[in-house]
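The structure under discussion appears below in the form of structure tokens.
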Amino acid sequence: VQLLRERLEAIRPNVLFIGSMTLSFPGAIRIAQTAKRMLGDEVLVVLGGKHVNETFYMAGNIPIQHKASPLKLMRDGKIDNVFDLVVSGDGEYVSLRIAEVVDVLLKEGLRPNSILTRIDEISSASGTWCLGWIDGSNEIKTMIGSKPIDRDQLPIPAEVFGVDSRFPIFGTDYTAHVYSDSGRGCVRDCSFCSERRSVAGSIEQSSTSADRLFRQLCAAKQIGENNGCSMSAFVEDSI
């Protein structure tokens, strides 16, 4: 927590994106609480990640809120109202659009949480996603995006953000996370599973997923060579 406070004080972010699986959700709440206590309305806190995907999702054209949905928990007073926006699904472009709208608000002398007055400007973001928030009447409001993403055109995270992680089991200086970006869920739809395609979304652009993974592996190797260090890679995908 002390490191978080130091980083928040040094950076004073206008937008704080938090990704959380279910086991780390209590930590995500604590991070958001700390940010709100320190920065107040100066920061827009946006929650995404696997826990959100599994508790806030589409059933046909209807947004579903599981009882563990962060939006329901905030509305019912079971957790503090510390997440200004909650994003489920493809986050690549909707997160970028959120940041762009906040940038415009700041240039106009407005605070980041004024984004709810411009919420319609986020609707143009590509991807299959649900966006939710708690309005002034303590009601859950949602917005849906359904423009397909061309996954072949997504940037390579290791090139954008660099590599500073290391998995000791690989015995290398660094470990890059690489992706085939084939989707958020399983091709099957078993009723007992949170990875089922009707919840998480089906496999997408599978015919070029191997090419995407190959490019990411090449990029990781090149980053290692450029920095004179050994590099391993951990393949991330839902299934």
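The values are calculated or read from the model by the stated rules, or taken from the named source; none is laboratory data. On a predicted model such as this, the values are computed, not experimentally measured, just so you know. Note: ideal-geometry Cβ built from the backbone for every residue, glycine included; neighbour counts use all protein chains shown. We work out accessible area using only protein heavy atoms, side chains counted, and drop any ligands, DNA or RNA first. Shrake-Rupley method; radii C 1.70, N 1.55, O 1.52, S 1.80 Å.
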Practice prompt. Please tell me which of these pairs span more than 22 angstrom C-alpha to C-alpha: Lys72/Lys141; Lys50/Lys107; Lys107/Lys147?
Written response: Lys50/Lys107; Lys107/Lys147
Practice prompt. Keeping the other protein chains in place, figure out the carbon and sulfur percent of the accessible area of the chain, with a 1.4 Å probe.
Written response: 52
Item to complete: Just the number, please: percent antiparallel of the DSSP beta bridges in the range 89-239, rounded to the nearest 5.
Response: 60
Worksheet item: What does the highest-first list of 194-207, 55-68, 82-95 look like by mean Cβ count within 10 Å?
Response: 82-95, 194-207, 55-68
Practice prompt. Rank by packing, highest mean first: peptides 18-25, 46-53, with packing defined as the count of other Cβ atoms within 10 Å averaged across residues.
Written response: 46-53, 18-25
Worksheet item: If contacts are Cα pairs under 8 angstrom and at least 6 residues apart, what is the relative contact order of the chain in percent?
Response: 15
Discussion item. Just to confirm the number: angle between the C-alpha axis of helix 2-11 and the first principal axis of the chain, 0 to 90 degrees, nearest 10?
Written reply: 80
Worksheet, complete the sentence: In degrees, nearest 10, the alpha-carbon axis of helix 92-107 is tilted away from the dominant principal axis of the alpha carbons of the chain by 50
Item to complete: Divide by every residue of the chain the summed helix terms, -39500 (n - 2.57) for each DSSP H run of at least 4, and state the resulting mean residue ellipticity at 222 nm, rounded to the nearest 500 deg cm²/dmol.
Response: -10000 deg cm²/dmol
Worksheet item: Which value, in Å² and to the nearest 10, is the accessible area of Leu106 when all protein chains are kept and the probe is 1.4 Å?
Response: 70
Worksheet item: When ligands, DNA and RNA are left out and all protein chains stay put, how many square angstrom of accessible area per residue does the chain have with a 1.4 Å probe?
Response: 54
Discussion item. With +1 assigned to the C-beta of every Lys and Arg and -1 to the C-beta of every Asp and Glu, and no other charges, what is the dipole magnitude of the chain about the Cα centre in debye, to the nearest 20?
Written reply: 600
Worksheet entry | DSSP bridge pairs, the range 1-160: antiparallel proportion in percent, nearest 5 | 70
Response to the item:
With Cα coordinates, the longest principal axis of the chain makes an angle with the long axis of helix 25-39, in degrees rounded to 10, of 60
Discussion item. Highest mean first, how do 97-104, 151-158, 5-12 rank when packing is the count of other Cβ atoms within 10 Å averaged over residues?
Written reply: 97-104, 151-158, 5-12
Response to the item:
The size of the Cβ-based charge dipole (Lys, Arg +1; Asp, Glu -1) of the range 80-140 about the Cα centre, to the nearest 20 debye, is 140
Worksheet entry | the range 54-114 shape via C-alpha gyration tensor axes, a/c threshold 1.5 | oblate
Worksheet item: Between the range 147-167 and the range 25-48, what's the alpha-carbon centroid distance in Å?
Response: 25
Practice prompt. Rank Leu8, Ala68, Asn53 by how far each Cα sits towards the positive end of the charge dipole of the range 1-99 (+1 on Lys, Arg Cβ; -1 on Asp, Glu Cβ) and give me just the farthest.
Written response: Ala68
Worksheet item: How many angstrom separate the Cα center of the range 199-221 from the Cα center of the range 65-120?
Response: 29
